[in-house]
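Have a look at the structure below before the remarks.
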Amino acid sequence: MLCASVSRQSVGSACCILAFTWWFFPGIFSHPTPTPAVQPTPKAAATHVPPQILRVDLSKSDIGAGDYVTGEVVTSDNVASVKVLLIGQTIDLTRKRTGHFPIYFTVPTPVPFFFKGPQSVEFVARNATGERVSKTISFHVH
């Protein structure tokens, strides 16, 4: 038997050398665990996409006193809010569903004189990180 010829002293010495080596060089007998690759999730990737205003639909482009105007701002899915900037006023649109912000208003009667003629309105869309995009459309008020 080969095991019988090994003395207890040599086994003890081997264990001491092994323990000494492990204590002072702990990485010599271990293999590092590979770090798993982190795959971006679709939502994480979507937050880095800039917001987009795909289209602005209005029921009328030539409006007058008492007219009821409807429409919709259609945006990319990552848009969190849309504001309307019109003659120094800011109006928040309420999101109906993802990417859809309805527009509905009645033109006041009488129309103030400074509002008659060609006008423009700016739509500002922002995503959750604050990035913004804007689109300006023109209309006529009589």
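Just so it is clear, none of the values below were taken in a lab; they were calculated from the coordinates. All figures in this text were calculated on a predicted structure; none of them were measured in a lab. Here Cβ is always computed from backbone atoms with ideal geometry, including for glycine, and neighbour counts include all displayed protein chains.
Summary of computed values
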item: Relative contact order (percent, whole number), the stretch 49-141, Cα cutoff 8 Å, 6+ residue spacing; result: 34 percent
item: Ordering of 115-121, 78-84 by packing [mean C-beta count within 10 Å, highest first]; result: 78-84, 115-121
item: Residue-span extension gain [K83 to A128] - 0.36 nm each, minus C-alpha spacing; result: 14.8 nm
